[in-house]
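Colleague: For reference, the structure I am asking about is given below.
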Amino acid sequence: MTARTLVLLRHAKAETPGEQLDIERALAERGRADAQAAGVWLAAQGLRPQVVLSSPATRTRQTWHGVAIGLAESDPAVAAPDVRYENGLYFGGRTEVVDLLRAVPESVRTVLVIGHNPTMTDVSLLLRPFQEDAALEGLKTCGIAVHRAERAWSETEPGALPLVTLHTARA
């Protein structure tokens with residue numbers, strides 16, 4: 001069995017809520033820069049997703065756009081991942097995320113999930129084995145949690161994907 005890597009990314013800094021619907025909130029200027037920094041960091045770590053699962057919200061779509069630019073800067077020849085905008089990542093919670101992961105094809109080695117808090121933090125806590133010294137207060141905007149395990153995506157369950165690293169991308 002080959003290791004599977006899950007990268008959970010909380011969307012970058014969004015504009016302050018105003019009159020528009022929450023799902024339509026765009027990234028702030030800092031958020032756009034941080035999203036690109038996240039892509040650069042992912043590339044430097046060798047974490048190139050084959051599949052991207054993103055909330056359909058404007059700020060998560062824009063986060064992916066920035067990440068994609070950052071990834072492409074390091075190697076523009078790398079094939080683009082399969083990107084899917086999933087309503088469950090906006091309207092659902094950790095159960096929907098786990099269900100989406102269980103449906104990922106076994107040929108996929110790295111998945112990037114871009115979503116919202118508290119769900120991204122909840123999923124990270126749910127998937128890792130209990131580790132007293134690895135407390136997670138919550139992913140900040142553009143916070144990244146990397147999990148890895150040698151098991152099939154269909155076997156995604158609580159405690160099944162240990163946390164490898166945490167990072168908060170900042171430009």
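A short reminder: the numbers here are calculations on the coordinates, not readings from a lab. Bear in mind that the values here come from a model prediction, so they are computed numbers and not experimental data. Ideal geometry is used to build each Cβ from the backbone, glycine not excepted, and the neighbour counts take in all protein chains shown.
Colleague: From the list Asp34, Asp99, Asp22, which residue is exposed (fewer than 14 other Cβ atoms within 10 Å of the Cβ) and more than 30 Å from Glu157 (Cβ to Cβ)? Walk me through it before giving the result.
Modeller: On the way: Asp34 fails: exposed (fewer than 14 other Cβ atoms within 10 Å of the Cβ); Asp99 fails: more than 30 Å from Glu157 (Cβ to Cβ).
Answer to the selection: Asp22.
Let's see how each residue does on (1) surrounded by 14 or more Cβ atoms within 10 Å (Cβ to Cβ); (2) over 16 Å from Thr5 (Cβ atoms); (3) out of contact with any Cys (no Cβ under 9 Å at 6 or more places or on another chain); (4) of a type in the set (Val, Ile, Thr):
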{"position": "Pro105", "(1), (2), (3), (4)": "no, no, yes, no"}
{"position": "Val108", "(1), (2), (3), (4)": "yes, no, yes, yes"}
{"position": "Asn117", "(1), (2), (3), (4)": "yes, yes, yes, no"}
{"position": "Arg128", "(1), (2), (3), (4)": "yes, no, yes, no"}
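Colleague: Now, a different point. Listed residues Gly66, Gly70; which is surrounded by 15 or more Cβ atoms within 10 Å (Cβ to Cβ), in contact (Cβ under 8 Å) with a residue 12 or more places away in the chain, touching a Phe, Trp or Tyr at 6+ places or on another chain (Cβ under 8 Å) and not polar (S, T, N, Q)? Steps first, please.
Modeller: Working: Gly66 fails: touching a Phe, Trp or Tyr at 6+ places or on another chain (Cβ under 8 Å).
One residue alone meets the criteria, Gly70.
Colleague: Here is a check on your reading of the model: is Ser107 farther than 20 Å from Val40 by Cα, under 11 Å from the mean Cα position of the chain (by Cα) and among the polar types (S, T, N, Q)?
Modeller: On the way: farther than 20 Å from Val40 by Cα: yes; under 11 Å from the mean Cα position of the chain (by Cα): no; among the polar types (S, T, N, Q): yes.
No.
Colleague: Among what's in the range 137-171 and is part of a loop (DSSP other than H, G, I, E, B) and of a type in the set (Val, Ile, Thr), pick the residue that is farthest from the chain's Cα centre (by Cα). Before the answer, list the steps.
Modeller: To start, the set of residues in the range 137-171 that are part of a loop (DSSP other than H, G, I, E, B) comprises 137-142, 150-152, 156-162, 169-171.
Pick out the ones that are also of a type in the set (Val, Ile, Thr) and you get 141, 156.
Working: Thr141: 11, Thr156: 16 Å.
It comes out as Thr156.
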